[in-house]
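Below: the structure, in structure tokens.
The values are calculated or read from the model by the stated rules, or taken from the named source; none is laboratory data. Note that this is a predicted model, so its numbers are computed, not measured. Cβ placement follows ideal geometry from the backbone for every residue including glycine, while neighbour counts extend to all protein chains displayed. Remember, those area values only see protein heavy atoms, side chains included, never the ligands or the DNA or RNA. Shrake-Rupley method; radii C 1.70, N 1.55, O 1.52, S 1.80 Å.
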Number of protein chains: 2
Amino acid sequence: MSPRRRAARPRTDDTATASGGGADEDGAGGEGLKPTASRRRKASGGRRYAGRSAAERQAEQRQRFLAAGRVLFADSGFRATSVRALCREAGLIDRYFYRNFADTQALLAALYTAEMDTVEARILAVFNAAEAGAPQERIEPAMDTFFAAFEDRRFARICWLEVLGVGPDIDALYLERQNRFARLLETVGRQLRPEWPLDAQETQITTLALVGAISQSALHWYLTDYAAPRRVLVSTNLRLIRGALAALEG
Amino acid sequence: MSPRRRAARPRTDDTATASGGGADEDGAGGEGLKPTASRRRKASGGRRYAGRSAAERQAEQRQRFLAAGRVLFADSGFRATSVRALCREAGLIDRYFYRNFADTQALLAALYTAEMDTVEARILAVFNAAEAGAPQERIEPAMDTFFAAFEDRRFARICWLEVLGVGPDIDALYLERQNRFARLLETVGRQLRPEWPLDAQETQITTLALVGAISQSALHWYLTDYAAPRRVLVSTNLRLIRGALAALEG
DNA sequence: ACCATGTGATGACGACTGTCCTCACTTTAC
DNA sequence: GTAAAGTGAGGACAGTCGTCATCACATGGT
């Protein structure tokens, strides 16, 4: 049915989560201990080259492809981005693309996951930093952090426009992300309204709808080139959440 | 930049609105008056063939391509749908595709417009049918009509997944549609709250966010294969709107 | 110094794309 | 009946795609 082949291939890793992970191979801090550099290598993957281990080189390749995808997917669109273009942008050759990703969809999936991990971490950090305050005041900086992140055009384009309609696997990623935000909203809601009157189904639909409200207004904000100041977006969506909470008992 | 050429071409119409338009050429009702069939033809486009006028034939071609696009865009995805596949599905040859559409994007745009026109008309009809009732009760069947339409998987897939990320022109179509739904919501809101406290900017963001809430819950409904009964979707979104109205003064 | 391994450039392959052209055939208008 | 217009099938074109293979060079361990 689909014109893309999915033959058996050397098995790339493909499902990495974030990009911020520190290199935990030979992670013994210092840099100067090079004399006994021939540990037990040759059995653990490739050898060193240009001063970096095989894992370090591959990680750098991966990061360069992610950066290239961030630029090209956002500026030219995912559909119009080819492996060749990605390699040109990354300054690498196709062999290393295939070493790191099965195809451009896999790169898009990894990029989406990394971007969303970053933003989610920022939001949670802000949310938890205001731990002392009432939930009412903790959610406002979190919302502001989200819209601040959305001011990055490439983030907005990739994570809210380009990921949709690509394929069922990426649809699943998107769906799962929306659910994560929805669960965060549910946590906040239950703190504010301990007597939570909704069943599981209604809870999920309600929180997901609110996530959709935030998403849609953010998307419209992006598509209208960020007319309207950010604080209006934040306050409007906060009012929507307050209203939803107030209407819980109704 | 873009690999698709956009050369000058015989100028197709491209921007038709709905598909329901009646053929207004020679529209003199009856069918039996064929004797003097040689009116002033030959100057008004093509001649008759297989019993139908040139305009009739072209309209039927257009409709067949729209139907083919509906099937293939939804089942295989827009990206994986080629002109050849559309022609095979429509039972026509490519010459007639190019007569009717500039490219597959134009077909997608026309299809999206036609589908949304149909659903919008249905919603407005239901809304206006309950003219007697209070706005509170008029909006509920309208919402139910929307979710009923969304139960058509192809409609959901095409109008909420495939249209996104295709290109700036289709993004603009999508944006305009969301705005139309938002304005409808604003109309309802102003009827329910004559003392409308929001300025234009806040009004647009709020109504668009609500449209996004409805869209997102509908999309999630589709992606989870329509678990949850329809009435739960309807009632949950109605509660959200009630809550937003209640929070207006806040 | 030697040789295995890593790297970059380049090109080739088969498949598919949009688009156009040609040829045989059918139907219409006169 | 004849010429013109409409139709369908199919092929040819120049591109681009993903993917792999080849070859010269750089760097590493020993």
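At a glance:
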| item | result |
| --- | --- |
| Number of the exception - A:Asp144 against (1) crowded, with 18+ Cβ neighbours inside 10 Å; (2) at the interface with chain B (Cβ under 7 Å from one of its Cβ atoms); (3) at negative phi | (2) |
| Total residues in region A:232-250, condition facing chain B (nearest Cβ under 7 Å) and under 26 Å from B:Arg230 (Cα atoms) | 8 |
| Single match in A:Pro168, A:Pro197, A:Pro229 (criterion: surrounded by fewer than 16 Cβ atoms within 10 Å (Cβ to Cβ) and either facing chain B (nearest Cβ under 8 Å) or modelled with pLDDT under 95 (or both)) | A:Pro168 |
| Residue in region B:203-221 that is facing chain A (nearest Cβ under 10 Å) and not in a helix (DSSP H, G or I) present | no |
| Of all residues making up region B:182-212, the number that are in contact with a Ser or Thr (Cβ under 8 Å, 6 or more places away or on another chain) and either of a type outside the set (Phe, Trp, Tyr) or touching a residue at least 60 places away in the same chain (Cβ under 8 Å) (or both) | 12 |
| Selection from region A:126-135 of residues that are exposed (fewer than 12 other Cβ atoms within 10 Å of the Cβ) and part of a helix (DSSP H, G or I) | A:Asn128 |
| Qualifying residue in region A:174-189 (condition: assigned to a helix (DSSP H, G or I), open to solvent by less than 30 Å² (accessible area, probe 1.4 Å), closer than 21 Å to B:Val166 by Cα and charged (D, E, K, R)) | no |
| Options B:Gln105, B:Gln136: the member that is closer than 23 Å to B:Leu173 by Cβ and not hydroxyl-bearing (Ser, Thr, Tyr) | B:Gln105 |
| Residue in region B:102-114 that is within 16 Å of DNA strand D (Cβ to nearest atom) and out of contact with any Leu (no Cβ under 8 Å at 6 or more places or on another chain) present | yes |
| Residue within region A:93-106 that is within 14 Å of chain B (Cβ to nearest Cβ), over 20 Å from the mean Cα position of the chain (by Cα) and more than 16 Å from DNA strand C (Cβ to nearest atom) present | no |
| Candidates B:Arg99, B:Arg153, B:Arg95, B:Arg138, filtered to the one that is closer than 19 Å to B:Gln58 by Cα, in contact (Cβ under 8 Å) with a residue 40 or more places away in the chain and either in contact with a His (Cβ under 6 Å, 6 or more places away or on another chain) or open to solvent by 20 Å² or more (accessible area, probe 1.4 Å) (or both) | B:Arg99 |
| Residue satisfying all of: in region B:33-89; β-branched (Val, Ile, Thr) and at pLDDT 95 or above; least open to solvent (accessible area, probe 1.4 Å) among these | B:Thr81 |
